[in-house]
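K.L.:
There's a structure below that I have some questions on.
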Amino acid sequence: MTAMPFSIRLAGEGDARLLPAIEHSAGQAFRAVPELAWVADDTGMTVDAHRACIETCTCWVAVDEQERIAGFLSAQPHGHDLHILEMSVAHDRQGRGLGRRLLAAAYDGARARGLSGLTLTTFRTIPWNAPFYEKAGFDQLLPAALDARLAALLREEEQAGFPAGSRCAMRRDVMRTQEA
């Protein structure tokens with residue numbers, strides 16, 4: 001089987017309604033983690049939340065040659081940072097470098113806006129979460145280094161049912177040399 005080429009582009013208004021299905025597909029990977037299997041059935045971001053990211057030109061999609069969406073990254077500017085709300089790659093398209101390419105698009109987008117960093121919250125130990133982001137140049141932030149916004153997000157996630165201490169906030173300086 002030959003590898004199908006993918007490209008990354010800014011999402012358009014018509015893409016918003018397709019993104020929740022991609023997030024749901026990506027979430028199926030959590031079925032392999034018994035204590036987090038419920039995440040596979042979580043509703044995720046709403047179409048309206050994706051539209052808000054599309055309107056600010058901070059949502060990127062990975063598409064195949066037929067323009068079928070295989071993954072996305074939705075983010076919003078907050079102060080001097082671009083905060084990644086969600087990055088998902090369809091379960092059957094994972095492991096092909098699309099996540100790294102979506103992160104590169106967000107990095108370039110943040111840099112073009114003159115922002116100083118990318119931030120996100122994620123699971124500390126799940127291989128396709130914090131360890132993946134660390135390989136992409138993100139650093140886990142210690143509790144003392146959290147700004148009020150990131151600290152509040154982690155509290156909200158815990159209140160929403162994520163196990164205590166399982167999540168972390170991460171940041172990548174956009175002025176750092178981008179890694180392949």
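The values are calculated or read from the model by the stated rules, or taken from the named source; none is laboratory data. Note that this is a predicted model, so its numbers are computed, not measured. FYI the Cβ positions are ideal-geometry reconstructions off the backbone, even for glycines, and counts take in every protein chain you see. Each accessible area value is taken on the protein alone, full model and side chains, heavy atoms only, with ligands, DNA and RNA left out. Shrake-Rupley method; radii C 1.70, N 1.55, O 1.52, S 1.80 Å.
K.L.:
Can you find, within the stretch 125-145, the residue that is farthest from Y107 (Cα to Cα) among those that are open to solvent by less than 40 Å² (accessible area, probe 1.4 Å) and in a loop (DSSP other than H, G, I, E, B)?
P.N.:
Checked the stretch 125-145; the qualifying residue farthest from Y107 (Cα to Cα) is I126.
K.L.:
Okay, next question. Can you tell me which residue within the stretch 55-101, out of those that are under 17 Å from G12 (Cα atoms) and in contact with a Cys (Cβ under 8 Å, 6 or more places away or on another chain), is surrounded by the fewest Cβ atoms within 10 Å (Cβ to Cβ)?
P.N.:
For the stretch 55-101, the residue satisfying everything is Q76.
K.L.:
Quick one: L150 ticks every box in (1) at pLDDT below 90; (2) in a helix (DSSP H, G or I) except a single one, so which number is it?
P.N.:
For L150, the failing item is (1).
K.L.:
Does the stretch 3-18 hold any residues that are in a helix (DSSP H, G or I) and open to solvent by less than 30 Å² (accessible area, probe 1.4 Å), and which are they?
P.N.:
D15, A16 - these are the residues of the stretch 3-18 that are in a helix (DSSP H, G or I) and open to solvent by less than 30 Å² (accessible area, probe 1.4 Å).
K.L.:
Given the condition of a type in the set (V, I, T) and under 12 Å from the mean Cα position of the chain (by Cα), answer yes or no: does some residue in the stretch 64-71 qualify?
P.N.:
So in the stretch 64-71, the residues of a type in the set (V, I, T) come out as 69.
Still in the list and also under 12 Å from the mean Cα position of the chain (by Cα): none.
Taking every residue of the stretch 64-71 in turn, none turns out to be of a type in the set (V, I, T) and under 12 Å from the mean Cα position of the chain (by Cα).
K.L.:
Of all residues in the stretch 148-158, how many are over 19 Å from the mean Cα position of the chain (by Cα) and in contact (Cβ under 8 Å) with a residue 40 or more places away in the chain?
P.N.:
So the answer is 0.
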